[in-house]
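Written below as structure tokens is the structure these notes are about.
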Amino acid sequence: MSTPDEILSRILKRASANITKSVISDTDIGSRVEYVCRQISNRACTRLLMACLLAKIDRPDVDPRKPYTEIGDSDAFSGRSYDEKYITHFVYENRLPLNPTTAFLTPAFRNLDRPLTTDLDLVGRPRQVYKATLQLLDDVYQNKVTAEDLLTEIVRILLLMREEKQTRINTLLAGLSSGDTLPLSSEEIVNLLEQHLKCKNSSRLPVLIVAAAYNSVREKLGEHILPLWSHNAADEQTGSLGDVEVCLENDDHVVTVYEMKMKRVTVDDIDRALEKIASATDRIHNYIFITTDVISDEVNTACGVKVC
């Protein structure tokens, strides 16, 4: 009998054979899974589906709608275990466009003790993506589609999305490398950055700006930055000290840390920074907050009292 890792390898091989051709013959189910997978604002539903489908393939006796052992039925299972033990590594190893953390800690799927049936009203947005997710689980339960076919289709779509993203990046890079293009002035660069910072979903940009600035002058400063972590990966999980970690050249000991905030810095933020500094293996010389908001008197006072 195949292990879950072997099942995922088999699924990947089948999905990779032709990422432009669907393996689902039912057009309604095909449209539904495409809709769920391409929801940029909600990746948790896709991860939940993958965990439930993998469990169903691994243990055919389980009900894919019962990924909670708290349900207490003999056909229930731990979806979170499958997600964290197998799906997390699979997503990372194959650079699939999904969240790096389990779906079972998101508000909609946390602390449930009942089956994920189609009459369940899950709280989350977009609402339709949750309805489609529950329907897909029911489709498998009703034998309208096999768990293996549906998981293969999900992986195929994710591979296609990954390639589409890479193609867009390559196109943009090709445009940037044109030899006939005049370099932008400093003022034009600043104006472009200001415009991008005002755009929706630009919270990662301040981190990239500081990282790019260090990379451009690393030889003159004698410093370099450590590789950036995923935008939605918590510092507690990664072990990082902040958004950008700066080291001296030819050394991996962090000496300067930048923490970016697209909101006001609070005293709690200062306290957490002090905890990180205190627990760091090596001495942190500078811990710098960059914020787009004002600095309150309370924070100024806290810094003056607490920071040496």
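Points worth noting:
- When residues of the stretch 71-96 are limited to those that are more than 21 Å from Ser9 (Cβ to Cβ) and out of contact with any Asp or Glu (no Cβ under 9 Å at 6 or more places or on another chain), the one surrounded by the fewest Cβ atoms within 10 Å (Cβ to Cβ): Ser78
- Considering the stretch 253-271, the residues that are surrounded by fewer than 13 Cβ atoms within 10 Å (Cβ to Cβ) and either touching a strand residue (DSSP E or B) at 6+ places or on another chain (Cβ under 9 Å) or hydroxyl-bearing (Ser, Thr, Tyr) (or both) include one that is farthest from Gly222 (Cα to Cα), namely Lys263.
- Residues of the stretch 59-81 include at least one that is free of Cβ contacts under 8 Å to residues at least 12 places away in the same chain, assigned by TED's automatic domain parsing to the domain that holds Arg127 and assigned to a helix (DSSP H, G or I).
- Residues in the stretch 203-232 that are over 19 Å from Asn250 (Cα atoms), surrounded by 14 or more Cβ atoms within 10 Å (Cβ to Cβ) and without any contact (Cβ under 8 Å) to a residue 60 or more places away in the chain: Ser203, Arg204, Leu205, Val207, Leu208, Ile209, Trp229.
- Within the stretch 235-254, residues that are under 20 Å from Ala213 (Cα atoms) and at pLDDT below 75 reach no partner that is in a helix (DSSP H, G or I) and of a type outside the set (S, T, N, Q) with beta carbons closer than 8 Å at six or more positions or on different chains.
- For the stretch 113-169, a residue qualifies if it is of a type in the set (Ser, Thr, Tyr), within 17 Å of Pro97 (Cα to Cα) and free of Cβ contacts under 8 Å to residues at least 24 places away in the same chain, and exactly one does: Thr167.
- Conditions (1) under 26 Å from Leu160 (Cβ atoms); (2) in contact with a helix residue (DSSP H, G or I) (Cβ under 7 Å, 6 or more places away or on another chain); (3) in a helix (DSSP H, G or I); (4) not polar (S, T, N, Q): number failed by Arg10: (2)
The values are calculated or read from the model by the stated rules, or taken from the named source; none is laboratory data. Bear in mind that the values here come from a model prediction, so they are computed numbers and not experimental data. For neighbour counting, all protein chains shown are included, and Cβ atoms are generated from backbone atoms with ideal geometry for every residue, glycine included.
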